[in-house]
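Single-structure report; data block below.
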Amino acid sequence: MSDPVVVGISGASGAALGVRVLELLRDAGAETHLVITDAGAQVAALETGLDPATLSALAAHTWDVADFTAPIASGTFSTAGMIVAPCAIRTLSAVSCCRSSNLLERAADVTLKERRPLVLMVRETPLHAGHLRQMLEAVQAGATIMPPVPAFYAGLQSVEDLISQTAARALVPLGLEPGVLRRWKGHEGG
């Protein structure tokens, strides 16, 4: 992969997904540009024990959520796309309404306006009609909504397997085929 990938970590539960996405991208040799919301940093610390400095070390570049001068705030900065893992409903709503009140939201908006892949790993359940409307509007703008739904067919044995499989599946729309991805093979009998 020649163009960098933007990774956003917002304040939804599921920070381990963002960590695994960063690891898979690093293993694939992708240059990563990370932006973490304040709530994302808090949730990541609670769920994974990782502080912002440790998360930042997983990326080639990390940008402050308030830094609108970062390269990822401009469409002239070429990327392969962006993934928000996990994606809070607040972030989904910002994307669907074209709001850019922080760098993560701006980078997502830029990704859509430049017609690049944007994957939103929305982490909320149950969903009400407002959530579903926001998802529909984000999809209509060009985003891929990819909730972290387990692939039960993949023979996953642990929570780590589930996280890896889910993160790997979310990278496919960005043109990546992580080696850890377990694809459905269908019925192999005769």
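For LEU17, what charge total do you get from the other residues with a beta carbon under 14 Å from its beta carbon, if Lys and Arg give +1 and Asp and Glu give -1? Cβ neighbours under 14 Å give a net charge of -2. The Cβ shell under 10 Å around LEU103 holds other residues with a net charge of -2, Lys and Arg each +1, Asp and Glu each -1.
Extension gain for the segment ARG115 to ALA45, taken as residue separation times 0.36 nm less the Cα-Cα distance, is 21.9 nm to one decimal. Gain on full extension, evaluated as 0.36 nm per residue between CYS98 and HIS131 minus their Cα-Cα distance, stands at 10.3 nm. The label-point distance for VAL139 and ASP67, in a model that sets each label 7 Å from Cα toward Cβ, rounds to 3.5 nm. Short-range pairs are left out: with C-alpha atoms under 8 Å and at least six residues apart, the relative contact order of the chain is 22 percent.
What is the gain in length, in nm to one decimal, between ARG183 and GLN157 on full extension, counting 0.36 nm per residue of separation less the C-alpha to C-alpha distance? Fully extending the segment from ARG183 to GLN157 adds 7.8 nm.
A short reminder: the numbers here are calculations on the coordinates, not readings from a lab. What you are looking at is a predicted structure, and each value in this text was computed from that prediction instead of being measured. Heads up, the Cβs are rebuilt from the backbone with ideal geometry, glycines too, and the neighbour counts pull from every protein chain shown.
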